[in-house]
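The structure appears right after this line, and notes come after that.
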Amino acid sequence: MELELLDIKNDYVFKRIFGEKEDILIHFLNSVLNYPENEKIISLTYLNTEINKDQEDDKETRLDVLAKLNNESFVNIEIQVQNTYEYEKRCLYYWAKLYEQQLTSGKKYKTLKPAICIHILNFNFFKDKDYFMTKIKPLDTETRKVFSHDFQLYFLEVPKIPDQYYNELDKWMHFFKGASKETVMAMQTPEIEKAFNTLEYISQDPIARAKYEARRKYELDYNTDMDGAREEGFAKGKNEQKFEIAKNLLINNFSIEMISKITDLTISEIEKLKNT
C-alpha cells in the first residue's frame with residue numbers, strides 16, 4: 001500500500017524538516033533571498049530547535065523556524081494554511097518582535113541586524129498580482145530609494161505557483177504544493193530530495209503522525225471557533241452583546257486585535273474590558 005504522506009504545509013511537519021536540517025534550510029533561504037554568489041548563506045544557527053512539550057497540540061503556539069545567518073541577519077519562517085484576516089498586522093508584529101528582541105540590555109541601536117520574515121501562505125493574500133512571491137521593504141515614496149534593508153518581508157503564495165518550474169525557488173514551491181516523488185527526483189536538487197525523504201520518514205513514524213494529527217485538530221478547532229465567533233459578533237448588533245462575546249474571547253485567549261476584528265469593538269474598549 002502506498003504511503004500517505006503528511007502535509008508539508010502543517011507547521012509541525014514544516015518545522016521537523018526545515019528546523020532540523022541545516023543544509024535544507026540554507027538551500028531554501030538562498031532560493032528565496034537570491035543573494036549574489038559571493039553573499040550566499042553558507043551557515044546558520046537555529047534559535048528555536050526544540051518543540052516544547054504540548055506545543056504541537058497548542059492552537060495558540062507558532063511552530064515557526066527561527067535562525068541567525070552567517071551574515072548576522074535574523075530570519076523567521078512561518079507557514080500559514082488559512083487566512084485569519086489579521087495577517088497584515090500579524091506580520092508586522094512578528095517582524096517588530098524579531099527586531100526588538102535583538103536589543104538586549106546595554107546594547108546600542110547600531111548593533112541591530114536585519115530582520116527577515118518569510119511567510120509561506122496556502123492562500124492568495126495579494127489579490128492584485130499573479131506572481132507567487134512578494135518582497136516588501138520600506139521606500140522613500142518620491143525617490144523610490146530603500147530606506148533600510150533591516151526591514152524585509154517575503155510572502156510566498158503556494159496557490160499561485162506556475163505549472164512548470166524554472167529555478168530553485170519554483171521547485172521548492174512545487175514541493176510545498178505536494179509534488180510526487182517522481183517529480184521531486186526529476187528536479188535533480190539534492191536538498192529537495194532530502195526534504196522529501198525526511199517527509200517520507202516522519203510520515204511513517206506513528207508518534208510524529210499522532211502529533212501531526214493533534215496539531216491539525218487544534219488548528220481546525222481554532223479556525224472553527226474563530227469563524228463562529230465572527231459570525232456571532234456580526235449577527236448581534238447590540239453593544240452589550242458584543243461586550244459579552246469579547247469577554248468570552250478574552251477568556252479563550254484570543255488576541256485583542258482579533259477580538260476587535262470579530263466584534264467591531266475598538267482596541268481601547270477591549271483593553272478596558274480586559275482590565276475589569
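The values are calculated or read from the model by the stated rules, or taken from the named source; none is laboratory data. Because the structure is predicted, anything quoted here is derived from the model rather than measured. Here the Cβ positions follow ideal geometry from the backbone for every residue, glycine too, while neighbour counts run over all protein chains shown. For accessibility, only protein heavy atoms count, side chains too; no ligands or nucleic acids. Shrake-Rupley method; radii C 1.70, N 1.55, O 1.52, S 1.80 Å.
Principal-axis analysis of the Cα atoms of the chain puts helix 168-177 at an angle of about 50° to the longest axis. Computed from phi, the 3J(HN,Hα) profile of the stretch 140-145 under the Karplus parametrisation 6.51, -1.76, 1.60 (θ = phi - 60°) reads 5, 5, 9, 8, 6, 7 Hz, with x in place of Gly and Pro.
Residues whose amide H lies under 5 Å from that of Leu6, counting only those 5 or more places away or on a different chain, are Ser203; hydrogens are built 1.01 Å from N in the peptide plane.
The protection proxy used here, the mean number of other Cβ atoms lying within 10 Å of each residue, ranks peptides 154-162, 205-213 as follows, highest first: 154-162, 205-213. Extension gain, Asn71 to Asp23, is 15.7 nm, computed as 0.36 nm per intervening residue step minus the present C-alpha separation. A straight Cα-to-Cα reach below 29 Å connects Lys181 with the lysines Lys9, Lys15, Lys21, Lys40, Lys160, Lys171, Lys194, Lys211, Lys217, residues fewer than 8 places away in its own chain not being considered. Please check which bits of the stretch 167-204 a label hung off Asp130 would reach, taking the label as a point 7 Å along Cα-to-C-beta and the cut-off as backbone N under 14 Å. Of the residues in the stretch 167-204, none has backbone N under 14 Å from the label point off Asp130. Average accessible surface for the stretch 106-168: 64 Å² per residue, computed with a 1.4 Å probe over protein heavy atoms with every protein chain in place. Using a Förster distance of 25 angstrom, determine the FRET efficiency expected from the C-beta separation of Ile42 and Lys194, and round it to 0.05. Efficiency, from the Cβ-Cβ distance: 0.90. How far, in degrees from 0 to 90, does helix 206-235 lean away from the longest principal axis of the Cα atoms of the chain, to the nearest 10? That works out to roughly 40 degrees.
If both residues of a DSSP beta bridge must be in the chain, then about 45% of such bridges are antiparallel.
Computed from phi, the 3J(HN,Hα) profile of the stretch 259-276 under the Karplus parametrisation 6.51, -1.76, 1.60 (θ = phi - 60°) reads 4, 4, 5, 6, 9, 6, 6, 6, 4, 5, 4, 6, 5, 4, 5, 5, 8, 8 Hz, with x in place of Gly and Pro. In this structure, the amide hydrogen of Asn34, modeled 1.01 Å from its nitrogen in the peptide plane, lies closer than 5 angstrom to no residue at least 5 positions away or on a different chain.
Find how many whole Å separate the alpha carbon centroid of the stretch 1-23 from the alpha carbon centroid of the stretch 77-106. Each part reduced to its Cα centre gives a spacing of 23 Å.
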